[in-house]
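To keep things clear, I will list the structure first and then write my remarks on it.
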C-alpha cells in the first residue's frame, strides 16, 4: 500500500537521482533498440523490472550495447527530460541548491545535460555527485545530511529507509510490480512540487 502524502518538505534537505527521475533515459534506450536492432515492438512499458536482463528477453550483448550507447556522451545529450522536471527544478532552485546523486561512473556528461535543460539556473546552484553504483548512494547522502531522496530504484529506497533517510519512489514501469513497503510513491513532478513548493511560497 502506498503511504499517504508527506508534510511539506524542506527543499534544502532534498536530493534527486537523475536517470529515470529527471532524465527520461530509457526513451533513448528504446529509440536505439528500434533503430539499431529493429526491435520496434519494445517500449518502456515492457521494462517491468529494474534489471533489464531479467525482463526484456533479449540477448545480453544487445542489452549491453544499448546501455553503453544510451549512457555515452553523445546520447546522454539527446535524452529528453521527464515531463515537468525542468520547470519544477528551476522553481526549486530559487529557494534551495539542487543536489543530484547519480549511480553513473562519471558526472561530467549528465552534468552538462542538466546545464542544458536548466539554462536559467546558475551553475553554482547545481551539484552532481557520481556514486558509481546505487549501493553507495547512502554514504554520500548521509555525508551531505540529506533527509529526503527521490529515486526510481526500489532497492535503493529500501536501503535508505532502513538508514533513516525518507525515500520518495518516482513512479516508473520497472517499480510498479513490487510492494512499495510504505514508501511514498511520486506519480509525477507536479505532485512532487505540491509537497516541496506549496502554493503561496515566496520565491523572491
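The numbers here are math on the coordinates, done by the rules we state, and not lab data. Nothing here was measured: the structure is a model prediction, and the numbers come from that model. Don't worry about glycine lacking a Cβ; one is built from the backbone with ideal geometry, like all the others, and counts go over all protein chains shown.
Structural remarks
- Placing a label point 7 Å from the Cα of residue 181 along the Cα-to-Cβ direction, the residues of region 108-135 whose backbone N falls under 14 Å of that point are 135.
- The chain - share of DSSP beta bridges that are antiparallel (%, nearest 5): 5
- Taking every C-alpha pair closer than 8 Å and separated by at least 6 residues, the mean separation divided by the residue count of region 25-76 gives a relative contact order of 39 percent.
- Put in order of Cβ neighbour count within 10 Å, fewest first, the listed residues 154, 140, 18 become 140, 154, 18.
- Cα-based helix-to-principal-axis angle, 25-37 vs the chain, degrees rounded to 10: 10
- Folded to 0 to 90 degrees: helix 108-117 orientation relative to the chain principal axis, Cα: 70
- Using C-alpha pairs under 8 Å with a sequence gap of at least 6, the mean separation divided by the residue count of the chain gives a relative contact order of 31 percent.
- Relative to its residue count, region 25-76 spans a Cα convex hull of 71 Å³ per residue.
- Take the Cα of residue 135, go 7 Å toward its beta carbon, and the backbone nitrogen atoms of region 151-194 under 16 Å from that spot belong to 154-160.
- Using a Förster distance of 41 Å, the FRET efficiency for residue 127-residue 68 (Cβ separation, nearest 0.05): 0.95
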